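Note sheet for the following structure.
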Amino acid sequence: MGLVVPGMLLSGNHAKIAEWRRKEALKRTLENRPDLLKKAVLSAEDKKMLQELCSQKEIICRRRTMNLIKAVEERFRKEVAQFNVGDTVRTYVKVVEGDKERLQPFEVSLSPERDRESTRPSW
């Protein structure tokens, strides 16, 4: 299923469509690059639209921030292996020497020792 086309675009009223498109453009600029609006030469109608959008800006910015957080979480969500004290963990470190590079294996046995100043275990 695709995106829903706003009714305004289907109305055939070219003046209203142009107004809707301008308002959407200002809204996207306000969300993504508000610094550009400070420098822009705006008509009285644009300024009125921006005032309306600014009253809604907190809602718009909060929604956008939540969407960004959700997108990042989904992109980097991975299954993390479970390990316990006594397990041996092997990882690899990329070592670059001049124009050559190699993977150096690094192996560690997990112990329950704790850092004196921290309550977290130090592996």
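Couple of notes before you dig in:
- Residue list for the range 14-43, filter: surrounded by 12 or more Cβ atoms within 10 Å (Cβ to Cβ) and more than 15 Å from Cys54 (Cβ to Cβ): Lys16, Ile17, Glu19, Trp20, Arg21, Arg22, Glu24, Ala25
- Filter result for the condition that a residue is outside any strand (DSSP E or B), of a type in the set (S, T, N, Q) and modelled with pLDDT of 80 or more, over Gln51, Gln82: Gln51
- Condition check for Arg75: surrounded by 10 or more Cβ atoms within 10 Å (Cβ to Cβ) and either modelled with pLDDT under 85 or assigned to a helix (DSSP H, G or I) (or both): no
The values are calculated or read from the model by the stated rules, or taken from the named source; none is laboratory data. Nothing here was measured: the structure is a model prediction, and the numbers come from that model. Cβ: placed from backbone, ideal geometry, glycine included. Neighbour counts: every protein chain shown.
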